[in-house]
Amino acid sequence: MARSRRDPDAPTFGAMQGRQSPGMAGFRPRATLGLLYFFGFFVLFLFLLAAPTMWQYYRHANPEDPQQQAQLERAVQDAVQPRFWIAVGLATVATVVGGRLRLLPGTR
């Protein structure tokens, strides 16, 4: 079996791996993770706040009646609209507190 000859001056794979550009030293995507956590918490809290109301309306609805369907859409929109800002506030608090206390993965 023939051995391959390497150039002794050529950098090895391990040496190339250790080099980093100055801008990439210690790169941690905190802002991206923060946005992902915020939107995840937002969807979770909006679902938890709006689901009981939506379930109550949809349980008693007749899907074939177009007039009742329009009424249902308005009722759900009226019920969810104030809860939207509550969900935004809760998501903001959860993301900030989780990031500051380093409870969220990727913020440690």
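Things worth noting here:
- Tally, over the stretch 63-108, of residues that are surrounded by 13 or more Cβ atoms within 10 Å (Cβ to Cβ), among the polar types (S, T, N, Q) and within 25 Å of the chain's Cα centre (by Cα): 3
- Whenever a residue of the stretch 79-94 is without any contact (Cβ under 8 Å) to a residue 40 or more places away in the chain and aliphatic (A, V, I, L, M), its partners that are surrounded by 12 or more Cβ atoms within 10 Å (Cβ to Cβ) and in a helix (DSSP H, G or I), lying with C-beta atoms within less than 6 angstrom and at least six residues away or across chains, give the pairs 79/53; 80/50.
Conditions (1) modelled with pLDDT of 85 or more; (2) under 28 Å from residue 106 (Cβ atoms); (3) touching a strand residue (DSSP E or B) at 6+ places or on another chain (Cβ under 7 Å), marked per residue:
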{"residue": "2", "(1), (2), (3)": "no, no, no"}
{"residue": "20", "(1), (2), (3)": "no, yes, no"}
{"residue": "29", "(1), (2), (3)": "no, yes, no"}
{"residue": "38", "(1), (2), (3)": "yes, yes, no"}
{"residue": "60", "(1), (2), (3)": "no, no, no"}
{"residue": "72", "(1), (2), (3)": "no, no, no"}
{"residue": "80", "(1), (2), (3)": "yes, no, no"}
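- Subset tally (residues that are of a type outside the set (A, V, I, L, M, F, W, C), more than 18 Å from residue 55 (Cβ to Cβ) and not in a loop (DSSP other than H, G, I, E, B)) for the stretch 67-102: 7
The values are calculated or read from the model by the stated rules, or taken from the named source; none is laboratory data. From a predicted model like this one, the values you see are computed outputs, not experimental measurements. Counting neighbours? That spans all protein chains shown, and the Cβs are built from the backbone with ideal geometry, glycine included.
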